[in-house]
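The values are calculated or read from the model by the stated rules, or taken from the named source; none is laboratory data. Every value quoted in this text rests on a predicted model; they were computed, and no experiment measured them. Don't worry about glycine lacking a Cβ; one is built from the backbone with ideal geometry, like all the others, and counts go over all protein chains shown. With ligands, DNA and RNA removed, areas are computed over all heavy atoms of the protein, side chains included. Shrake-Rupley method; radii C 1.70, N 1.55, O 1.52, S 1.80 Å.
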Amino acid sequence: MQLTITQPDDWHLHLRDDDALAAVVAHSAERFARAIVMPNLQPPVTTTEMAAAYRLRILSALPTNTGFDPLMTLYMTDRLSSEEVIRAKQSGIVKGIKLYPAGATTNSDAGVTDIQKLYPVLETMQSESLPLLIHAEVTDSSVDIFDRERIFIDRYLVELSRTFPELPMVFEHVTTKDAVDFVKENPGRMAATITPQHLMYNRNAMLAGGIRPHYFCLPILKRGSHQQALIEAATSGDPRFFLGTDSAPHPQHAKECGCGCAGCYTANSAIELYAEIFDQAGALNKLEGFSSFFGADFYNLPRNTNTITLEKRSWIVPESYPFGNDRVVPLMAGHELQWQLIS
Ligand code: DOR
Ligand code: ZN
């Protein structure tokens, strides 16, 4: 069985820099036409000028003959100015600004400490129609890690979306039924990305029968009832939910150790993973909207016109891939996947 769909885009991707970038970018470019590239480098990408330079490094790391188009983002800090927002918008290469609450995840130390102080900047983003991309987890150490997304909604998102009803916002990598319900009920311009790992797994995969560090990402995998809510949202055909892998490569030794990094590497098999999920849900006919249409529509970009073809023929995901001087272990390493990308 074969499935041909419009070429998809990845609306949430970590490409890193230097050797790591060179090692992973081809995986995304083989599958996706475009990707929203996350700005959490060290130091973070905080200005349009830095984003333009990073974009050139990505383009020069690409294999020849790919038309892959990296869509850049800025990392929001307490010091972001309205002037920088306008520069970003006018550049044409910056498609969003990423809000990481300070300390929420990998390389987020420079993140935002008080969102209310940034309300004048959000006002400018709203009038420029430049999307706000949100890592929606509280970083308060007294809050249980499994509750951090739900509490962020109550503490910040309710007010944010009331104050800026016209600001396009992406609730990134939703992991709970609470998040799905919030997006569905939101009267403003709010959408959400969903990762393959949060659709495929719940926290048992990570914790039952031994700790499996390659399933550890942030926001952390939740219980099965949340996973079900995500599958329903992704396969419902609701255009507010679209593909964002959050593929986040780390060297093998930094995952498999006493204090492992957060992030699942999925760029090597991303669209194949989603095909498997949609197939299992009996919703292959909904894959194209989720993967190839709804994100482009949200970002006000043209839909892609070329196609990719997947075939239902099983293959084994490699144990690891080269990653600079290290290796990166992908999600489902050594396991069988049912769908293969053939062109
Ligand atoms: O698991 C994650 N890894 N979540 C994030 O938000 C960041 C990412 C990374 O950059 O490694
Ligand atoms: Zn991410």
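Can you send over the solvent-accessible area of Lys184, 1.4 Å probe, protein chains only, in Å² to the nearest 10?
Approximately 100 Å² for this residue.
Taking 7 Å along the Cα-to-C-beta vector as the label spot, tell me the Glu123-Lys286 distance in nanometres, rounded to one decimal.
Spacing of the two 7 Å Cα→Cβ label points: 4.1 nm.
Under a straight-distance cross-link criterion of Cα-Cα below 14 Å, which aspartates and glutamates are reachable from Lys98, leaving out those fewer than 8 residues away in the same chain?
Straight-line reach from Lys98, under 14 Å: Asp78, Glu84, Asp109, Glu137, Glu172, Asp246.
How high is the relative contact order of the stretch 120-261, given as a whole-number percent (alpha carbon pairs under 8 Å, six or more residues apart)?
23
Counting each DSSP H run of 4 or more residues in the chain as -39500 (n - 2.57), what helix-only mean residue ellipticity at 222 nm follows after dividing by all residues, to the nearest 500 deg cm²/dmol?
Roughly -8500 deg cm²/dmol at 222 nm, from the helical runs in the chain.
Ranked highest first by average number of other Cβ atoms within 10 Å, how do 54-64, 97-107 line up?
97-107, 54-64
With all protein chains present, how much of the accessible area of the chain (probe radius 1.4 Å) comes from carbon and sulfur, to the nearest whole percent?
48
Show me 70-78, 82-90, 146-154, 109-117 ranked by packing, highest mean number of other Cβ atoms within 10 Å first. Spell out each step's value before the answer.
Numbers: 70-78: 22.2, 82-90: 17.3, 146-154: 19.1, 109-117: 15.1.
Highest mean packing first, the order is 70-78, 146-154, 82-90, 109-117.
Working out 0.36 nm times the residue gap between Glu336 and Ser82, then minus their Cα-Cα distance, what length gain in nm do you get to one decimal?
The span from Glu336 to Ser82 would gain 86.6 nm if fully extended.
Please work out how much length the chain gains when fully extended from Asp114 to Ser142, using 0.36 nm per residue of separation minus the C-alpha to C-alpha distance, in nm with one decimal. Don't skip to the end; give the middle numbers.
Details: separation 28, 0.36 × 28 = 10.08 nm, distance 1.77 nm.
Contour length minus the Cα-Cα distance gives 8.3 nm.
Could I have the simple spin-label model distance between Glu159 and Gln2, label points 7 Å from Cα toward Cβ, reported in nm to one decimal?
5.5
Just to be sure I understand: if I project the alpha-carbon convex hull of the chain onto a plane and average over all orientations, what area do I get in nm²? Could you put the intermediate results ahead of the total?
Details: hull surface 63.4 nm².
One quarter of the hull surface, i.e. the mean projection, equals 15.9 nm².
Under the definition of Cα pairs under 8 Å and six or more residues apart, what whole-number percent is the relative contact order of the stretch 150-227? Walk me through the intermediate numbers first.
On the way: 89 pairs, mean separation 23.5, N = 78.
30 percent.
Nearest 5 percent is fine: what portion of the DSSP beta bridges confined to the chain is antiparallel?
Details: 13 of 38 bridges.
Approximately 35 percent, going by the DSSP bridge assignments.
In percent, what relative contact order does the chain have, based on Cα pairs under 8 Å that are 6 or more apart in sequence?
Relative contact order of the chain: 19 percent.
Which of the pairs Lys222/Lys286; Lys89/Lys177; Lys222/Lys312; Lys177/Lys286 have their Cα atoms more than 26 Å apart in this structure?
Result: Lys89/Lys177; Lys222/Lys312 exceed 26 Å.
Compute the accessible area per residue over the stretch 1-80, keeping the other protein chains in place, probe 1.4 Å, unit Å².
Using a 1.4 Å probe on heavy atoms only, each residue of the stretch 1-80 averages 39 Å².
Taking the alpha-carbon centroid of each part, what is the distance from the stretch 298-343 to the stretch 64-81 in angstrom?
Result: 22 Å between the Cα centres.
Using alpha carbons only, what's the Rg to Rh ratio of the stretch 8-154 with Rh from Kirkwood?
Expressed as Rg/Rh, it is 0.98.
Go ahead and collect, in residue order, the members of the stretch 213-239 whose backbone nitrogen is under 20 Å from a label point 7 Å along the Cα-Cβ direction of Arg327.
Counting only backbone N, you get 213-216.
For the stretch 53-68, just list the computed ³J(HN,Hα) in residue order, Karplus coefficients 6.51, -1.76 and 1.60, θ = phi - 60°, integers in Hz, with x standing in for Gly and Pro.
So the J values, rounded to whole Hz, are 5, 5, 4, 5, 5, 5, 4, 7, 8, 6, x, 5, 6, 10, x, 4.
Rolling a 1.4 angstrom probe over the protein heavy atoms, how many square angstrom per residue are accessible across the stretch 150-278?
Accessible surface, normalised per residue, equals 34 Å².
Can you tell me which of 279-290, 258-269 comes out highest on packing, and rank the rest after it, using the mean Cβ neighbours within 10 Å?
258-269, 279-290
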